[in-house]
Amino acid sequence: MSGTYLAIVPLVALFGGVFGTYLAGRYTRERSTAWAGGIAVVSLLVALAATALLWIRSLPIEYALLGEGVGVRVTALAVFLSSISCLVGLAATVHATGSGDAEDAPEVYFPLVLAAAAGVVGIGFAADLFSLYVFFEVMAVATYALVPFAVDRATAVEAGIKYVVMNAAGSLLAIFGISIVYAHSGGVLDFATLSGELATTTGPGPLEAAVLFLVVGFGVKAAVVPLHTWLPDAYAESPASASALLAGLATPAAIVAMIKALAVVPDGVSVGLLLLVLGGLTMTVGNFLALGQRDLKRLLAYSSIPHVGYIVFGFGVGFYGGFSVAFDGALFHVLANAFMKGGAFLAVGAITYRLAEIEGETRTLDALSGVGYRMPVAAGAIAVAVLALSGVPPLAGFWGKLFIVLGSAEISGTVGVGLALLVIGNSFLSLGYYLPVLGALFGTPTDATRVVDRTPVALAVPILALTAGTILLGLAPAFGLDLVGSAADVLQGGLEVAP
């Protein structure tokens, strides 16, 4: 283990970009969107390059801030989250630059995107429970402003208020749970030693209360059922690039933050059983809520809920039985979700951007009928995404679900079989709302879709990049598993750091 300035370069690049994009957007006048977007892209590329250099170093790496204590600790889990954050952030930034999402206030929009990305990076880099909470709040506050960014729409403002109120309440519960852990451990919050300290304390009562507060607190931002009610409106009303950032990055990162906080809890507390129940409920309720939705963006929003359930369920299986394959499956689905959901929301944004030029913004499946013949890039990306999300092989969404099913099947008896069938059944259920999307995209064209222009190049680039990731990760899952497996080992090991 060694200290190095490289450990803080991703965070410095992103937070530096926050100030750089603000100044560029504020003072470059006519070209403010291009300048601010360009600086945001450079910041994300620097953070991504630093993350790649950290991956080839001997991990973990620690860096002490202000010369005392451990400020950040770079593990394989940190590299995993940082990589996803930079990739999704890049796609969202390029799309926002070309689509006009940030046109009204680039000096605000791009700093918020970078702050959200930095918060996710910090969740992975956090060396203690309190730092985890601080970075989680950085991510949350940035997304609070992104959801109602179109303040001229009453529905967007309403969605933003609901999002802020619910998540602020969750944040209070999370910090209360952390305070219980702090008291129960004798003032220890460092992940490297916290697991051992909690294992030596007596009495599970306070720890069980802490787990409940942490699950509910972080679970609001993670959108686990029944704490999910903010999600459909927030995803549907936010700009397309912000929706991709929320669905592909922020919400899954909130799950990882919750699991990172729970990884230090001793085996005597039933964390696995709680996550199994919440995950099973979330995936099933989410799928039924998505059935019958006709607004494409809202359908994708509702369909994000079951994928939260798959991830939480996979972690539940891992904690319940100690099966590493389930941890691998949950984290692999986090990685796949970044490409699948990110690409889908950006593609919907491109379609609505073109259709708005003809007849105003409309996202119903009937209005989008046949758009695939005029906008094959965007429609094709949505087709790949929905097939991957439903678990069709050999796309990225198949492998995470498969590993979760294999982990479930390792639980002995009918319980394991039942858990595996629950995941499989929900995957088939999702076809009930994904197949109509395919039928609409390549159905009989409407008057508008017959003449709609093709996908702009500036929007096609990030869409194609994320779609390629969905396909390649499915065809060659070993590339993702190299990173996922090491990150899963960190969680399964209780975040303890080997000397």
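The values are calculated or read from the model by the stated rules, or taken from the named source; none is laboratory data. Note that this is a predicted model, so its numbers are computed, not measured. Cβ coordinates were reconstructed from backbone atoms using ideal geometry, including for glycine residues, and neighbour counts include every protein chain displayed.
Does the range 363-372 contain any residue that is in a helix (DSSP H, G or I) and either buried (at least 24 other Cβ atoms within 10 Å of the Cβ) or without any contact (Cβ under 8 Å) to a residue 24 or more places away in the chain (or both)?
Yes, the range 363-372 contains a residue that is in a helix (DSSP H, G or I) and either buried (at least 24 other Cβ atoms within 10 Å of the Cβ) or without any contact (Cβ under 8 Å) to a residue 24 or more places away in the chain (or both).
Of all residues in the range 441-452 being at pLDDT 85 or above and part of a loop (DSSP other than H, G, I, E, B), which is nearest to the chain's Cα centre (by Cα)?
Among them, the one singled out is 442.
I'd like the residue in the range 251-269 that is over 15 Å from the mean Cα position of the chain (by Cα) and free of Cβ contacts under 8 Å to residues at least 60 places away in the same chain and, out of all such residues, is farthest from residue 338 (Cα to Cα).
267
Exactly one of these conditions fails for residue 411: (1) in contact with a Leu (Cβ under 9 Å, 6 or more places away or on another chain); (2) modelled with pLDDT under 90; (3) not in a loop (DSSP other than H, G, I, E, B). Give me its number.
Among (1) in contact with a Leu (Cβ under 9 Å, 6 or more places away or on another chain); (2) modelled with pLDDT under 90; (3) not in a loop (DSSP other than H, G, I, E, B), residue 411 violates only (3).
Restricting to the range 133-175, name every residue that is of a type in the set (Phe, Trp, Tyr) and either assigned to a helix (DSSP H, G or I) or under 16 Å from the mean Cα position of the chain (by Cα) (or both).
Answer for the range 133-175, where residues must be of a type in the set (Phe, Trp, Tyr) and either assigned to a helix (DSSP H, G or I) or under 16 Å from the mean Cα position of the chain (by Cα) (or both): 133, 135, 136, 144, 163.
Check residue 121 against each of (1) out of contact with any strand residue (DSSP E or B) (no Cβ under 7 Å at 6 or more places or on another chain); (2) at pLDDT below 95 and name the one condition it does not meet.
Going through the list (1) out of contact with any strand residue (DSSP E or B) (no Cβ under 7 Å at 6 or more places or on another chain); (2) at pLDDT below 95, residue 121 breaks only (2).
Residues that are among the small types (Gly, Ala, Ser), in contact (Cβ under 8 Å) with a residue 24 or more places away in the chain and touching a Phe, Trp or Tyr at 6+ places or on another chain (Cβ under 8 Å): does the range 452-472 have at least one?
Yes, the range 452-472 contains at least one residue that is among the small types (Gly, Ala, Ser), in contact (Cβ under 8 Å) with a residue 24 or more places away in the chain and touching a Phe, Trp or Tyr at 6+ places or on another chain (Cβ under 8 Å).
Among the listed residues 96, 142, 115, which satisfies the condition of being within 30 Å of residue 180 (Cβ to Cβ), in contact with a Phe, Trp or Tyr (Cβ under 9 Å, 6 or more places away or on another chain) and at pLDDT 90 or above?
On inspection, the qualifying residue turns out to be 115.
Of the conditions (1) outside any helix (DSSP H, G or I); (2) in contact with a Pro (Cβ under 7 Å, 6 or more places away or on another chain), residue 287 satisfies every one except a single condition; which number is it?
Status for residue 287: all satisfied but (1).
Considering only residues that are among the aromatic types (Phe, Trp, Tyr) and closer than 23 Å to residue 103 by Cβ, which ones fall in the range 117-171?
Those that are among the aromatic types (Phe, Trp, Tyr) and closer than 23 Å to residue 103 by Cβ: 144, 149, 163.
Taking the options 314, 322, name whichever one is farther than 22 Å from residue 92 by Cα and buried (at least 24 other Cβ atoms within 10 Å of the Cβ).
314
Within the range 373-397, how many residues turn out to be aliphatic (A, V, I, L, M), more than 26 Å from residue 421 (Cα to Cα) and out of contact with any Gly (no Cβ under 9 Å at 6 or more places or on another chain)?
Selection size over the range 373-397: 2.
So which of 384, 461 is part of a helix (DSSP H, G or I) and either at pLDDT below 90 or buried (at least 23 other Cβ atoms within 10 Å of the Cβ) (or both)?
384
Please find, within the range 112-165, the residue that is surrounded by the most Cβ atoms within 10 Å (Cβ to Cβ) out of those that are within 22 Å of residue 75 (Cα to Cα) and among the acidic types (Asp, Glu).
This residue is 128.
Filter the range 292-321 down to the residues that are among the aliphatic types (A, V, I, L, M) and within 17 Å of residue 385 (Cα to Cα) and list them by number.
Correct list: 296, 299, 300, 301, 305, 308.
Considering (1) in a loop (DSSP other than H, G, I, E, B); (2) modelled with pLDDT of 95 or more, say which one residue 1 fails and leave the rest.
Of the numbered conditions (1) in a loop (DSSP other than H, G, I, E, B); (2) modelled with pLDDT of 95 or more, the odd one out for residue 1 is (2).
Out of the range 172-183, which residues are buried (at least 19 other Cβ atoms within 10 Å of the Cβ) and not aliphatic (A, V, I, L, M)?
Of everything in the range 172-183, just one residue is buried (at least 19 other Cβ atoms within 10 Å of the Cβ) and not aliphatic (A, V, I, L, M), namely 177.
Any idea which residue in the range 253-296 is surrounded by the fewest Cβ atoms within 10 Å (Cβ to Cβ), counting only those that are closer than 30 Å to residue 194 by Cβ and charged (D, E, K, R)?
The residue in question is 267.
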